[in-house]
Amino acid sequence: MHLPQQQPHQLQKWHTTHKQSLHFARGLFSLKLLWAPIVDAVYFKGFGRRKSWLVPVQLVASFIMIFGSGYVENQLGLGNGDGVTATDMNHFDVKGVTAFFFVLYFLMATQDIAVDGWALTMLSRKNRGRGPVCNSIGQNLGYFLAFVGFLALNDAESSEKLWRPLLGLKSNP
């Protein structure tokens, strides 16, 4: 969920002014209040109220991320794999990337609604106040891993000095 927040940082390489478009996709998450009654009311009784939403959302999001990675690379102008060139800056399609993350944020908002409802049904009345605390800790941990971890994994110097020795991989010439 927090990986798209990394994209504006990555877009600085292209000197683009389209970073605000990706913030539009993130704004969908705040509209989940309108979507929550539908998620709570529509389900398959044989499968369960929460699993009726969680399992399909996880499957669809997984397929979109796995098979959509090539699409995002093409929309960012990285399809050739040779790195960013001056001509790639002209091939950047912010609408495609925004649409991709808009769909992902819609799915993650749906998942968040289902998980919040599941927590309310699973936790005892005494422990219900701890649910939002755990949710907040989990989201902050996810943000840290998606933002800081993503930067650390994409930095060539960190890769050579930290990750390759840690994993026992040969140095990249």
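The values are calculated or read from the model by the stated rules, or taken from the named source; none is laboratory data. Bear in mind that the values here come from a model prediction, so they are computed numbers and not experimental data. So basically every Cβ, Gly included, is an ideal-geometry build from the backbone, and we count neighbours across all protein chains shown. Surface areas here come from the heavy atoms of the whole protein model, side chains and all, with no ligands, DNA or RNA. Shrake-Rupley method; radii C 1.70, N 1.55, O 1.52, S 1.80 Å.
Across region 60-90, which residue is modelled with the lowest pLDDT among those that are small (Gly, Ala, Ser) and within 15 Å of the chain's Cα centre (by Cα)? That would be Ser69. For Lys51, the stated conditions do not hold, so it cannot be described as modelled with pLDDT under 55 and open to solvent by 80 Å² or more (accessible area, probe 1.4 Å).
The residue pairs whose first member lies in region 127-148 and is open to solvent by less than 50 Å² (accessible area, probe 1.4 Å), whose second member is in a loop (DSSP other than H, G, I, E, B) and modelled with pLDDT under 85, and whose beta carbons are closer than 6 Å, counting only pairs six or more residues apart or on different chains, are Gly142/His2; Ala146/His2. All of (1) farther than 30 Å from Gly48 by Cα; (2) modelled with pLDDT of 85 or more hold for Tyr105 with one exception: (1).
Helices (runs of 4 or more DSSP H) fully within region 95-173 that include at least 2 residues being within 18 Å of Ser30 (Cβ to Cβ) and within 23 Å of the chain's Cα centre (by Cα): 130-144.
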